[in-house]
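Here the structure comes first, spelled out in structure tokens, and everything after it is commentary.
The values are calculated or read from the model by the stated rules, or taken from the named source; none is laboratory data. A quick note: this is a predicted structure, and the numbers were derived from the prediction, not measured. No Cβ is skipped: glycine too gets one built from the backbone with ideal geometry, and neighbour counts run over all protein chains shown. With ligands, DNA and RNA removed, areas are computed over all heavy atoms of the protein, side chains included. Shrake-Rupley method; radii C 1.70, N 1.55, O 1.52, S 1.80 Å.
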Amino acid sequence: QCENQNENFWRAKTQEQGCRGDCERGEVIYKKPTSINIMRLELSAGGVVYNPALKKILLIKDFADKWALPKGWIEKGETAEQAAVREVQEETGVKNLKILAPLGEVEYFYTATHDRDYGLKKGERVHKKVIFFLMETADEKLVPQWEIKGAEWVELDKAEEISSYENMRKIVGKAVGI
């Protein structure tokens, strides 16, 4: 039934444009698209991790060699909060995380630079949404995983400034203001 409704839509559009789809002139003024580009949506969660003893915030050096916040995919059956804690632990080795407050969402678009093991193909466009939380820990030891190039505790007054991404600078700024 959906296919018939689609066909009827395109037939009606063609007629609106002055051609009945089988014009004597051999032209179709309104053409049905032959393909639709579908953009992948990725949902992720992450955190601004504060260590009160150090008075510092945790930043990571991402695969592009830029300072960012730890984040990652929300897996099936997980809440955003659970995913944020898991991803911070996996990426940086920091444990004993406590969520203090939600910080908001950032959204951005990117084009995959290479094929990924989860099915993303090089050149594919992605719409990414990331939910961030303010977290606290007393842990100091950092053990960065293979997906990132490094992790570092950064002074509060420098964290926003050295964050490489504008949308994440706003999240860091909001966290510092709390």
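Please identify the GluC sites (Glu not before Pro) of the range 84-178 that satisfy two criteria: DSSP loop assignment and at most 13 other Cβ atoms within 10 Å. Which are they? Numbers along the way, then the final one.
Working: sites: E87, E90, E91, E105, E107, E124, E136, E140, E147, E152, E155, E160, E161, E166; in loops: E124, E140, E147.
Passing both the DSSP loop test and the Cβ count: E140, E147.
Which loop-located chymotrypsin sites (Phe, Trp or Tyr not before Pro) does the range 100-144 contain, where loop means any DSSP state but H, G, I, E or B and the Cβ has at most 13 other Cβ atoms within 10 Å?
Details: sites: Y108, F109, Y110, Y118, F132, F133; in loops: Y118.
Taking the range 100-144 and a limit of 13 other Cβ atoms within 10 Å, the loop chymotrypsin sites (Phe, Trp or Tyr not before Pro) found are Y118.
Under a Cβ-only charge scheme (Lys and Arg +1, Asp and Glu -1), can you give me the dipole magnitude of the range 49-174 about the Cα centre, in debye to the nearest 20?
Result for the range 49-174 is approximately 160 debye, rounded to the nearest 20.
What share of all Cα pairs of the range 104-178, in percent, falls into each consecutive 5 Å distance bin?
Bins of 5 Å from zero give 3, 12, 16, 20, 23, 14, 10, 4, 0 percent of pairs.
Among V126, A84, A159, flag the residue with its Cα farthest along the positive direction of the charge dipole of the range 67-178, charges on Cβ as +1 for Lys/Arg and -1 for Asp/Glu.
Most positive-ward Cα: V126.
Where does the charge balance sit around V176 when Lys and Arg score +1, Asp and Glu -1, over other residues with C-beta under 9 Å from its C-beta?
Numbers: positive: K174; negative: D157, E160.
Value of the local net charge: -1.
By accessible area of protein heavy atoms, probe 1.4 Å, what ranking do H127, H114 get, highest first?
Per-residue accessible area, sorted high to low, gives H114, H127.
Looking at the range 34-146 only, what percent of DSSP beta bridges run antiparallel? Nearest 5 please. Walk me through the intermediate numbers first.
Working: 19 of 30 bridges.
Given both bridge residues lie in the range 34-146, the antiparallel proportion sits at roughly 65 percent.
Can you figure out the FRET efficiency of H114 with K141, using R₀ = 22 Å and their beta-carbon distance, to the nearest 0.05?
Numbers: r = 31 Å, r/R0 = 1.43.
So, using R0 = 22 Å, E works out to roughly 0.10.
Please list, by residue number, every one of the trypsin sites (Lys or Arg not before Pro) in the range 109-178 that is coil in DSSP and has at most 10 other beta-carbon atoms within 10 Å. Mind showing how you got there, number by number?
On the way: sites: R116, K121, K122, R125, K128, K129, K141, K149, K158, R169, K170, K174; in loops: R116, K121, K122, K141, K149.
Taking the range 109-178 and a limit of 10 other Cβ atoms within 10 Å, the loop trypsin sites (Lys or Arg not before Pro) found are K121, K122, K141.
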